[in-house]
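J.: This is the structure I want to talk about, given as structure tokens.
The values are calculated or read from the model by the stated rules, or taken from the named source; none is laboratory data. Fair warning: this is a prediction, and the values are worked out from it, not measured in the lab. Positions of Cβ are backbone-derived with ideal geometry, glycine not excepted, and every protein chain shown enters the neighbour counts.
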Amino acid sequence: MEWMLTIVAAVQLLSALAMIGLVLIQHGKGADMGASFGSGASGSLFGATGSANFLSRSTGVLAAVFFACTLALAYFGNLRGGAAPSSVLERAAPAQPAASAPASAQIPGVPASAEGGAQPAPAAPTPSASGAAQIPTK
């Protein structure tokens, strides 16, 4: 399976580089106007109109190969990460151990109970894994 991913990634890289080269070689649409005034385009390697057809068709084929390789890499990447959550927000928050204070300790700002000890502090709500608890409310 790994060798297939390597081959698909290499084909994608080569098609991208070839497509960049072909796009840079092609003439713009305004360059054809100079050929009608005798700039010598008829003596080119592919003929008067053959260059545009060959290069544009080659670019289209390479774009299709690049698109197919991109879809294949996305599909194989989706097959790999099915078990574990891939987002930080989807992971469960780690449990934090509660700090235990001695029973005879007086917590500042908390009134003492009738027995003389400190009242236990209310339990803090656990933050949700989505991060909604971090949004300030009015």
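J.: So for the range 19-35 (the condition being closer than 30 Å to Ser130 by Cα, under 35 Å from the mean Cα position of the chain (by Cα), assigned to a loop (DSSP other than H, G, I, E, B) and modelled with pLDDT under 90), does at least one residue qualify?
T.: Checking the range 19-35: not a single residue is closer than 30 Å to Ser130 by Cα, under 35 Å from the mean Cα position of the chain (by Cα), assigned to a loop (DSSP other than H, G, I, E, B) and modelled with pLDDT under 90.
J.: Right, next: Quick one: Ala52 ticks every box in (1) modelled with pLDDT under 80; (2) over 30 Å from Lys29 (Cβ atoms); (3) assigned to a helix (DSSP H, G or I) bar one, so which box is it?
T.: (2)
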